[in-house]
Amino acid sequence: MMYGANNNEFRIFSAHHFIVQFVSIPFRQRKNLNMAATPLISVAKRLLANVDADHADYSETIVNVAVRNYRDTDRFEREVENIFHRSPLLVALSCDLREHGDFASLVIAGRPILVVRGKDGIARAFLNICRHRGAPVTEECFGHSRRFTCPYHSWVYDTEGALVGNTDRAAFEGIDVDSLVELPTAEKSGAVFAILTPGLALDIDAWLGDMASALDILNLNNLYRHRDGLLAESGNWKATADGYVDGYHLGYLHGKSIGTKSITNRNTYDLYGPHVRLGFANKPLPAMRDLPDEEWELPNAMSLVHYIFPNISISGQPNGGLMMSRILPGSTPDRCQVEQFQYFREPMTTPEQIADADYKRDLYLAVTRDEDFATVIKITDAMAAIPEDVMRYGRNESGNQNLHRWAAALADGTTP
Ligand code: FES
Ligand SMILES: [Fe+2]
């Protein structure tokens, strides 16, 4: 039975139809406060202990989240404004911007952004909005250029965002702008973060906390992206994010695809503020029980997902390839898009490497689109029929509990 080890609590909860919302900080989050992320061998040992105990890391309580919290338009607008427009968002990996002039452009929650490595080596983010009359100065997702020429009337900006040329100068003599609008930007642990509202303070150390040292273990600096991203549609953005912070479903929803190598629902959850590192036990793990630490083959023993709140999932290990997924909220609460990026430890150059990478890329898209996002769209649409009900997050779903606790608090302009 799904609630086997948790039967009494479930009965109590059912009898009173008691809605527990955001009442306590789980033990592990308190335990990890101000500590560096634990090394991966200790994650593997915790996973083995969970396999032996027949359950995942447990939080203290069941947490219910009201269905109206997913569908309410006012709440969704507060989420966009207070979370997506006012929190540091991962806008590129450092390896996407290796050289002066390397850039990425993207649109998140209605804000067009250009991220460029300057000649001083600093990565800066700007609103990708021309200061003449608002056209995007580039629409390439990734590229390399020392100049950005707006396609509308050919105003030109450099890699520091300065307006360095405009056509018909006489007509604009005395104009009141000289650069793109710069956004607060910081680079840390192999990733570039920006706040999509100009002028806000960005304290990246405070925002990432111990997630920074967890990301450091992944060596994000040492990666090469294979092609541009692939887009897929999903349902509500939080219900979509749920799929990335939930280790529970792997052997069920993905039981015939990416879940076959996993011992499902034995996950570790390391909560770092709003962010989470999930560990997944794989079937070869128990055979390593009696080996000395240095002989544990961690890439076989376990899988890892790092979720960087509010919208980035990185799936993979320190020395292997990675998939990064970015959730892009739509203009309404019921749909979002997910963009998926594939990275390797070396550039894919031979026809065989490229064919193999493309196969994995398409497979991952098919699994997430046909299994995860198809389910999330059905859930999102079904919520219209149960507006007074709740979504129920068990003690084995502390990643989800943490996500909703932080999303609710930040949407209201507070912290948990
Ligand atoms: S809008 Fe960019 S040059 Fe006119
Ligand atoms: Fe999934």
Open item on the list: Just the residues that are among the hydrophobic types (A, V, I, L, M, F, W, C) and either within 16 Å of ligand 2 (Cβ to nearest atom) or in contact (Cβ under 8 Å) with a residue 60 or more places away in the chain (or both), please, taken from the range 123-140.
Closed with: 123, 125, 127
Open item on the list: Show the residue pairs meeting these rules: Cβ distance below 9 Å; 6+ apart or different chains; first residue within the range 348-374 and of a type in the set (Val, Ile, Thr); second residue part of a loop (DSSP other than H, G, I, E, B) and more than 11 Å from ligand 2 (Cβ to nearest atom).
Closed with: 354/348
Open item on the list: For the list (1) within 18 Å of residue 75 (Cβ to Cβ); (2) assigned to a strand (DSSP E or B); (3) in contact with a helix residue (DSSP H, G or I) (Cβ under 7 Å, 6 or more places away or on another chain), I need the number of the one condition that residue 323 fails.
Closed with: (1)
Open item on the list: Quick test for you: out of 333, 347, 310, pick the one residue that is surrounded by fewer than 18 Cβ atoms within 10 Å (Cβ to Cβ), at pLDDT 95 or above and assigned to a loop (DSSP other than H, G, I, E, B).
Closed with: 347
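For every residue, the table says whether it meets (1) in contact (Cβ under 8 Å) with a residue 60 or more places away in the chain; (2) more than 25 Å from residue 75 (Cα to Cα); (3) more than 16 Å from ligand 1 (Cβ to nearest atom).
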| position | (1), (2), (3) |
| --- | --- |
| 189 | no, yes, yes |
| 192 | yes, yes, yes |
| 234 | yes, no, yes |
| 244 | yes, no, yes |
Open item on the list: Quick test of your reading of the structure: residue 138 fulfils all but one of (1) under 30 Å from residue 306 (Cβ atoms); (2) near ligand 1 (Cβ under 10 Å from one of its atoms). Name the failing condition by number.
Closed with: (2)
Task: Among the residues listed as 149, 167, the single one being more than 16 Å from ligand 2 (Cβ to nearest atom) and exposed (fewer than 14 other Cβ atoms within 10 Å of the Cβ) - done: 167
TODO: Go through (1) of a type in the set (Gly, Ala, Ser); (2) part of a strand (DSSP E or B); (3) crowded, with 21+ Cβ neighbours inside 10 Å and name the single condition residue 247 misses.
DONE: (2)
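The values are calculated or read from the model by the stated rules, or taken from the named source; none is laboratory data. These numbers come from a predicted model, not from an experiment. FYI the Cβ positions are ideal-geometry reconstructions off the backbone, even for glycines, and counts take in every protein chain you see.
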